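Q: Submitted below is the structure of interest, expressed as structure tokens.
The values are calculated or read from the model by the stated rules, or taken from the named source; none is laboratory data. Remember, it's a predicted structure, so these values are computed and weren't measured experimentally. Reconstructed Cβ throughout: ideal geometry from the backbone, glycine too, with neighbour counts over all protein chains shown.
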Amino acid sequence: MAGYGRFITLEGGEGAGKSTLIAGLSEAIKARGHEVITTREPGGTVLAEHVRALALTPPESEHWSPLAHALLMNTAREDHLQKKIRPALEAGQWVICDRFADSTRAYQSIDGVAPDVLLAIERAVLAGTVPDLTLILDADPRALAARRTARGTQDVFENKQLAFHEQVRAAFLEIAEQEPDRCVVIDALQSPAQVLKETLKAIDTRVVSE
Ligand code: T5A
């Protein structure tokens, strides 16, 4: 039977470079002889992708309450964990996930959901499936805004103001401070190659790979 896999999550503000990193990271881990799946939140399964669409692009003039939004993120996560993440880990694969529970802690607490409520839901949904390593891609939100503008993409979250993005950055840095054994902060304004290099270094020093 294969050993248990490794669970790596990528977090950070919009446009921080998570999707870019995930592509290079997945190739690098495969080159080391591991089976890898990449996935994302909200999403990753058929149902969770439907929830993603409902949560991120609700019908025009419709809005979710902050608690409803937090529950939607966790609804998607529960399905994702049950059907994709845990089965892959149990099969000995490495799972690299673009956003996970820390995004709910960061975004939904800023939206006004009490942190203890978020943590209680998180504990129930994760049920012990905690990432081995979380990479927090950190950058000044002004620099990330310039990247988003250059790319020309927007969604309901990305339209929010700079102050909101500064809160998001602070929330992720606080999580990293609270859980230094799990989290590594990476400077997202370095070149993609350097971001990948630092990520692999963090994996080498923190994630046991047999
Ligand atoms: N959300 C999510 C919640 O509120 N609660 C939750 O629980 C969860 C899970 C999801 C939204 O949902 C919210 C948070 C989000 O607002 P999303 O579309 O999945 O949105 O996530 P984003 O983070 O917005 O994804 P993006 O694709 O916008 O950002 P990435 O993946 O971080 O950035 P990436 O790799 O696409 O790069 C952006 C641009 O920068 C360039 C790339 O080429 C690209 O053009 N780039 C670099 N340029 C220079 N140097 C580098 N190192 C670069 N890396 C990338």
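Q: In region 53-75, which residue that is touching a Pro at 6+ places or on another chain (Cβ under 9 Å) and near the ligand (Cβ under 8 Å from one of its atoms) is nearest to VAL130 (Cα to Cα)?
A: MET73
Residue-by-condition table, conditions (1) surrounded by fewer than 19 Cβ atoms within 10 Å (Cβ to Cβ); (2) away from the ligand (no atom under 14 Å from the Cβ):
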position: ALA16; (1), (2): no, no
position: LEU21; (1), (2): no, no
position: LEU25; (1), (2): no, no
position: ARG32; (1), (2): yes, yes
position: GLU35; (1), (2): yes, yes
position: THR39; (1), (2): no, no
position: GLY44; (1), (2): no, no
position: GLU49; (1), (2): yes, no
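Q: What do you reckon, is ARG77 surrounded by fewer than 22 Cβ atoms within 10 Å (Cβ to Cβ) and either polar (S, T, N, Q) or not in a loop (DSSP other than H, G, I, E, B) (or both)?
A: So ARG77 does not fit the description; no.
Q: Looking at the structure I just gave you, is GLY152 more than 9 Å from the ligand (Cβ to nearest atom), on the phi > 0 side of the Ramachandran plot and modelled with pLDDT under 95?
A: Criteria met by GLY152.
Q: From the list ARG123, ARG147, exactly one residue is part of a helix (DSSP H, G or I) and within 17 Å of the chain's Cα centre (by Cα). Which is it?
A: Residue meeting the stated conditions: ARG123.
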